[in-house]
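Remarks on the structure that follows.
The values are calculated or read from the model by the stated rules, or taken from the named source; none is laboratory data. Predicted model only: the values in this text are computed from it and were never measured. Glycine also receives a Cβ, built like all others from the backbone with ideal geometry; neighbour counts cover every protein chain displayed.
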Amino acid sequence: MLFEPRRQRDCDLDPWRPLTLVFVSDWDPDRGFLEGGSTFSSMPGIFKLLLGYEKAGHRVHYVYGSQDLRRSSSYTSGRVTVHNVRLRPRLRGRLLLRKLLPVKHIWRWTMFCWLLNSFRRCHPDTVCALKFTHLYEAFLVARLTKVPLIYREYGVLNAYSAVFEKRSLVNIYRVLPILLPLFIPAEEVIITNDGTRADELMRKLRPRFRRLHYWVNGVDKEMLTHSYDSVACRRHFGLPSDSFVLLTLSRLEGNKRVDRALRLLAAILTRHPEAHLAIAGEGEQKTALVELTSSLGITKHVTFLGSVNHSEIGPLLSAAGIFLALSDFSNVGNTLLEALAAGMCIVTLAAGATVEFVENGKNGVLLRPSELHRLPDVICWLIENPEERLRLQRGAAEYADRNLESWSARIQREINLVEQACGIEPSGTILF
């Protein structure tokens, strides 16, 4: 039937063979694959996933759609081909026409037609939607071509809170773009455990045809556990060599609440003038954060690092004394996992499922949102007690060693799952 997901029983799996996979997403890889990943600075889960498929012997077509592209283009690196698809309708200066036409539906139609033509050219074995942006187009193409659909999501932001904790029609309407894709029939659904409680949301919504895999991302243990010279690392990133560095590492978006780190710094400078805040990341809030820095009079104590290449995350973490994660929704992103693996002193908020990863007083300092007023005193106490920081650092490193997977192991699990969904035996171990 049209809406029945097709799944081959494990006993009927064919011998392993190279697959051709089409991934569709709104994440721009830029020229990352041509440069071996040395320059990518965001979404390591997507980059390492595609790299893992290539190392496993499969052929990957990655389709990136955006209305900001001037023209469609593509490039190939090894077994990975990146297709940049221009979604903006060619309406030129006809502003009235732009307002009257349902432009978003034209964009979806453009992506649907492009995917369908791509399937006719390369005959893929499956289509994987990375994030919900183009899931609907991927679903239609998968059903028309009778191949499995894999839905890969990277957290559900505040959807759980909007539906079950702060329920209102307005809140539910705001998270509909996140909720509706959860009801699209897919062969497998893989959601990153970023602490936003997607597993609880799925259990309570009970959508049909779900095979949910709720997995934590991996970490680059070798890079993060390497011993770095902290003073040299501070110099490398342009930070004062004699300062005590507080670090935030995230996209500069409203829900990340980097503004709290700025106000925290302003509150502790009278007691610790050596404190310095390093803000790594780019995003829509950067201009507002720069203005806030100026208005607080702490410009010379703050460094905006911009995007940091993933290969430099280890040195960056080593340059800091305390890692801050102060988001409203959840603080279990890649950066928190990397801070744990690097054995950092972590100060964070108990938002979402952060409590499942950070235990207060054991491998970090965990404050309830209602305890934010205590944050300046907590930071000052940690600065003044290096032995306590060292104890928390050891706890973080021990937790990561026991509980966090390497990227190779984590990606291998996902590749094996998709291989079985395509009806073949899983491949061997891949190494990054």
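All but one of (1) touching a residue at least 40 places away in the same chain (Cβ under 8 Å); (2) under 22 Å from Ser243 (Cα atoms); (3) among the hydroxyl-bearing types (Ser, Thr, Tyr) hold for Thr299; state the number of the condition that does not hold.
Evaluating Thr299 over (1) touching a residue at least 40 places away in the same chain (Cβ under 8 Å); (2) under 22 Å from Ser243 (Cα atoms); (3) among the hydroxyl-bearing types (Ser, Thr, Tyr) leaves (1) as the failure.
Which pairs have Cβ atoms under 6 Å, sit 6 or more apart or on different chains, and link a residue in the range 109-134 that is assigned by TED's automatic domain parsing to the domain that holds Arg152 and on the phi > 0 side of the Ramachandran plot to one that is surrounded by 18 or more Cβ atoms within 10 Å (Cβ to Cβ) and outside any helix (DSSP H, G or I)?
Lys131/Ser25
Can you give me the number of residues within the range 116-140 that are over 20 Å from the mean Cα position of the chain (by Cα), more than 15 Å from Cys422 (Cβ to Cβ) and among the polar types (S, T, N, Q)?
2
Could you count how many residues in the range 196-254 are more than 20 Å from the chain's Cα centre (by Cα) and over 30 Å from Pro185 (Cα atoms)?
Qualifying residue count, the range 196-254: 23.
Within the range 271-280, identify whether any single residue is of a type in the set (Asp, Glu) and in contact with a Pro (Cβ under 9 Å, 6 or more places away or on another chain), and answer yes or no.
yes
Can you find, within the range 301-313, the residue that is surrounded by the most Cβ atoms within 10 Å (Cβ to Cβ) among those that are farther than 13 Å from Thr248 by Cα and at pLDDT below 95?
His310
How many residues are buried (at least 19 other Cβ atoms within 10 Å of the Cβ) and under 17 Å from Asp26 (Cβ atoms) if we restrict to the range 158-183?
2
Does any residue of the range 222-236 turn out to be on the phi > 0 side of the Ramachandran plot and at pLDDT below 95?
Looking for residues that are on the phi > 0 side of the Ramachandran plot and at pLDDT below 95, one finds none in the range 222-236, hence no.
How many of the residues making up the range 323-376 are of a type in the set (S, T, N, Q), assigned to a helix (DSSP H, G or I) and within 17 Å of the chain's Cα centre (by Cα)?
Selection size over the range 323-376: 3.
For the range 117-141, name all the residues that are out of contact with any Ser or Thr (no Cβ under 8 Å at 6 or more places or on another chain), part of a helix (DSSP H, G or I) and farther than 17 Å from Leu180 by Cβ.
Asn117, Ser118, Arg120, Arg121, Val141
Residues are listed down the side, and each one gets a yes or a no for (1) in a helix (DSSP H, G or I); (2) at pLDDT below 75:
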position: Ser42; (1), (2): no, yes
position: Lys48; (1), (2): yes, no
position: Gly65; (1), (2): no, no
position: Thr81; (1), (2): no, no
position: Asn84; (1), (2): no, no
position: Lys99; (1), (2): yes, yes
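Within 23 Å of the chain's Cα centre (by Cα) and modelled with pLDDT of 95 or more: is that true of Ile279 in this structure?
When the stated conditions are applied, Ile279 passes them.
If Arg374 passes every condition in (1) in contact with a Lys or Arg (Cβ under 7 Å, 6 or more places away or on another chain); (2) among the charged types (D, E, K, R); (3) within 17 Å of Leu246 (Cβ to Cβ) but one, which one does it miss?
(1)
Pull up the range 242-272, narrow it to residues that are touching a His at 6+ places or on another chain (Cβ under 8 Å) and over 19 Å from Leu372 (Cα atoms), then point me to the one that is surrounded by the most Cβ atoms within 10 Å (Cβ to Cβ).
My answer is Val245.
Got a number for residues in the range 134-164 being out of contact with any helix residue (DSSP H, G or I) (no Cβ under 9 Å at 6 or more places or on another chain) and more than 12 Å from Ala186 (Cβ to Cβ)?
Of the residues in the range 134-164, 1 are out of contact with any helix residue (DSSP H, G or I) (no Cβ under 9 Å at 6 or more places or on another chain) and more than 12 Å from Ala186 (Cβ to Cβ).
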